Amino acid sequence: MHKEIVLTTTIMNKIYYLASCDTCRKIIKSLPQNHNLTFHDIKQDPITVEELEEMHRLSGSYEALFSKKAQLYKSMDLKNKSLTEADFKKYILEHYTFLSRPVFIIDGKIYIGNSQQNMLQVMKALG
């Protein structure tokens, strides 16, 4: 007997955010009511290697996902080190604060950070 296995992948729209971040909370409040986002609080539920690799695949670089505004970035004096893509990946996986937030994945596209331009694109994508 021959069984056919059909794999269906549903694109899950997601927001990676920090619940304790005022900016993230403000952005979440401003989202359209009918959005279909899955919420992922990166402090309560750290991102996995697989999730980070998916973000990397969509963004093209770990540096694009890395927050140079993080207090740890300054306190660890990372701005005076020349960091590689492997370093950016390692730091993001080590501590949630290094992920630039929020990160939206909507219909297979990634939107990183809270710039006004980025948020306009997110609202358009969710619209």
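Some points to look at:
- For the chain, built as a Gaussian network whose Cα springs stay under 10 Å, the top-fluctuating residue of Asn114, Asn34, Asn13: Asn34
- Taking all protein chains into account, the per residue accessible area for the chain stands at 65 Å² (1.4 Å probe).
- Linear extension gain, Leu58 paired with Asn34, 0.36 nm per residue minus alpha-carbon span: 6.2 nm
- 25 °C / 0.890 mPa s Stokes-Einstein diffusion coefficient of the chain, Kirkwood radius on C-alpha pairs, µm²/s: 157
- Residue of Pro32, Pro102, Pro46 that the Gaussian network model of the chain assigns the largest fluctuation, springs spanning Cα pairs under 10 Å: Pro32
- Gain on full stretching of the segment that runs from Met123 to Arg25 - 0.36 nm per residue minus C-alpha separation: 33.8 nm
- Bridging of Lys109 to lysines at a Cα separation below 25 Å is possible for Lys14, Lys26, Lys29, Lys43, Lys68, Lys69, Lys89, Lys90, Lys124, once same-chain residues fewer than 8 apart are set aside.
- Gaussian network model of the chain, Cα within-10 Å springs - most flexible of Ser115, Ser75, Ser67: Ser75
- Estimated [θ] at 222 nm from DSSP helical runs (n ≥ 4, -39500 (n - 2.57)) normalised by residues in the chain, nearest 500: -10500 deg cm²/dmol
- To put it simply, the accessible area of the chain at a 1.4 Å probe is 51 percent carbon and sulfur.
- In a simple Cβ point-charge model (Lys, Arg +1; Asp, Glu -1; nothing else charged), the range 23-127 has a dipole of about 580 debye relative to its Cα centre.
- Normalised convex hull volume, the range 82-123, alpha-carbon set, Å³ per residue: 93
- Of the trypsin sites (Lys or Arg not before Pro) in the range 11-102, the ones in a loop by DSSP (not H, G, I, E or B) with at most 15 other beta carbons within 10 Å are Lys43, Lys68, Lys69, Lys81.
- Beta bridges per DSSP with both ends in the chain, % antiparallel, nearest 5: 65
The values are calculated or read from the model by the stated rules, or taken from the named source; none is laboratory data. Not measured: the values here are computed from a predicted model. Note that each Cβ is placed from the backbone with ideal geometry, even for glycine, and that neighbours are counted across all protein chains shown. In case anyone asks, the SASA skips ligands and DNA or RNA and just uses the protein heavy atoms, side chains included. Shrake-Rupley method; radii C 1.70, N 1.55, O 1.52, S 1.80 Å.
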